[in-house]
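Inspection log for the structure reproduced underneath, given as structure tokens.
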Amino acid sequence: MFRNVAELVEIAEKENILISDVMIRQEMEVTEKSYDEVFEQMDKNLLVMEEAIERGINEKVTSVSGLTGGDAVLLQKYIQSGKSLAGDFHLDAVSKAIATNEVNAAMGTICATPTAGSAGVVPGTLFALKHKVNPSRGKMVRYLFTSGAFGLVVANNASISGAAGGCQAEVGSATGMAAAAIVELMDGTPKQSAHAMAIALKNMLGLVCDPVAGLVEVPCVKRNAMGASNAIVAADMALAGIESRIPCDEVIDAMYKIGQAMSLDLRETAGGGLAATPTGKELEAKIFGASHKK
Amino acid sequence: MKYRTVFDIIGPVMIGPSSSHTAGAARIGRVARTLLGKQPKWVEISFYGSFAKTYKGHGTDVALVGGLLDFDTFDQRIKDSLKIAEDLGVEIKIQEEDAVPEHPNTAKIRLGTCEEDTLELVGISIGGGKIEIVELNGFLLRLSGNHPAILVVHDDRYGVIAAVSNVLAKHEINIGHMEVSRKEKGKEALMVIEIDQNVDDILLAEVASLPNICKVTKIHD
């Protein structure tokens, strides 16, 4: 059993296998299931992600509150106009992350990765990669095991809950997980995956959880968008050979401690940050009416 | 290790918008329903911390009631659970509490069918849809709801734990995690036994027939 990223990388290197192999093997041991059972279960989750993205980029979904929806469609159209500055692949990932979160906000069916509020980053980057490098279905399923391996370490050593650790614990974790998985899909080493995760998460540290009206919409949808963007850049940096000076496990530990130091107002209580801005308050009053007490 | 499987991280498949405030709430409700063993006639829900502040926005109430109606996290009916509960004649009361809980996402649920048949539990949603039941009828415990489990209310006497585990051994059931909690020495105690597979009613009846056993219930995957 790996308890941290250092052990995860060490097992993969020692046995000359991928991070996803380490995760699959551990899953088989813990749950006493066969390779095929574990793989098929993940394949089902992949299908849920694909359906959510397809819905989000093709349909103009709208949340019950009306705060979010339709931005994934806008971005897809913009990509097709050929004017994009960031690049088509980059924005494709961003739009697919948005698509997932828009479907989530509309009470649609999604797969939490690691949470529902941060469900866009991992599938968003994955399905943009599908479009760009056309990986096999098996490689796509492995992407989720690699993400999951890094996510497990964060969940057990820090937190993946916005109420406990702020948005850095949710979108931050998801961004690190995606960065690590991109590296493996692009044939980087386990060590490079760890550096990608560290670089990505470092740049999400301190991010607070301040949802307007307590809804998983503003700013959650756009934070997933930027998380997807951050993950791609972090992965590219790691694949270029850039290393994080602070080891991944220490970044995770720092994230945990920052979360503990965060005021309660900034941890999913809708009491501070963007939720407490004049416009945030106004939107809240409009959605819930004046009777909704805070 | 709080999180054991990769599907705690890549999963659950669920109706949005929040894994802790929607899927987790549905799971807490479903464990309560399972422990009661039938559809409740009335339910009193108290929300604490982040649950109290944001339950309307996250649909925590809707999801929790969905769980009480035995809906899973991905069940489309969750969205309409309040209406469905009303149609079924289940009386629902919701309170926002000011007290600061140990965990920010805490819900206390009282539910029942009549005066004698009630249950009170406290559940926390620890992130990514994962939950723990931390209190049941005043007993402190730690129950994930992710594994089949047997709950035994018994008199706090010597030999009771051995007798129960002997029955499990006879049926070749392996114990994954076990804990015993009591409110007072020599009075009522609660045994929580997490096991690897579902058990049948014959085994439960056998446990129930042992001396000093008051009540036996099970929850399963």
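Restricting region A:1-26 to residues that are in a loop (DSSP other than H, G, I, E, B) and under 16 Å from A:GLN192 (Cβ atoms) leaves a set whose member that is farthest from the other protein chains (Cβ to nearest Cβ) is A:ASN16. Based on what the data block shows, is A:VAL73 free of Cβ contacts under 8 Å to residues at least 24 places away in the same chain, surrounded by 14 or more Cβ atoms within 10 Å (Cβ to Cβ), out of contact with any Leu (no Cβ under 8 Å at 6 or more places or on another chain) and not in a loop (DSSP other than H, G, I, E, B)? Yes, satisfied.
Residues that are farther than 21 Å from B:LEU119 by Cβ, in contact (Cβ under 8 Å) with a residue 24 or more places away in the chain and assigned to a strand (DSSP E or B) are absent from region B:182-194. All conditions but one from (1) buried (at least 24 other Cβ atoms within 10 Å of the Cβ); (2) within 30 Å of A:MET28 (Cβ to Cβ); (3) in contact with a Leu (Cβ under 6 Å, 6 or more places away or on another chain); (4) not polar (S, T, N, Q) apply to A:ASP210; the one that does not is (2). Condition first: within 20 Å of B:HIS21 (Cα to Cα) and acidic (Asp, Glu). Now tell me which residues in region B:84-119 satisfy that. Hits for region B:84-119 are B:GLU96, B:GLU97, B:ASP98, B:GLU102.
Under the condition of being among the charged types (D, E, K, R) and more than 11 Å from every other protein chain (Cβ to nearest Cβ), the residues counted in region A:240-274 number 6.
Test A:LYS83 against the stated conditions and say whether it is farther than 24 Å from A:PHE288 by Cβ, surrounded by fewer than 22 Cβ atoms within 10 Å (Cβ to Cβ), basic (Lys, Arg) and without any contact (Cβ under 8 Å) to a residue 12 or more places away in the chain. Criteria met by A:LYS83. Going through region A:230-264 one residue at a time, which ones are of a type in the set (Gly, Ala, Ser) and farther than 30 Å from A:ALA275 by Cα? Residues satisfying the conditions are A:ALA235, A:ALA238, A:ALA240, A:GLY241, A:SER244.
Among all positions in region B:43-65, there is at least one residue which is buried (at least 24 other Cβ atoms within 10 Å of the Cβ), more than 12 Å from chain A (Cβ to nearest Cβ), modelled with pLDDT of 95 or more and in a helix (DSSP H, G or I).
Every residue, every condition in (1) part of a strand (DSSP E or B); (2) in contact with a Gly (Cβ under 9 Å, 6 or more places away or on another chain); (3) at pLDDT below 95, yes or no:
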| residue | (1), (2), (3) |
| --- | --- |
| B:GLU86 | no, no, no |
| B:ILE94 | yes, no, no |
| B:GLU116 | no, no, yes |
| B:ILE124 | yes, yes, no |
| B:ILE131 | yes, yes, yes |
| B:ARG142 | yes, no, yes |
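The values are calculated or read from the model by the stated rules, or taken from the named source; none is laboratory data. Values in this document were obtained by computation on a predicted structure and should not be read as measured data. Don't worry about glycine lacking a Cβ; one is built from the backbone with ideal geometry, like all the others, and counts go over all protein chains shown.
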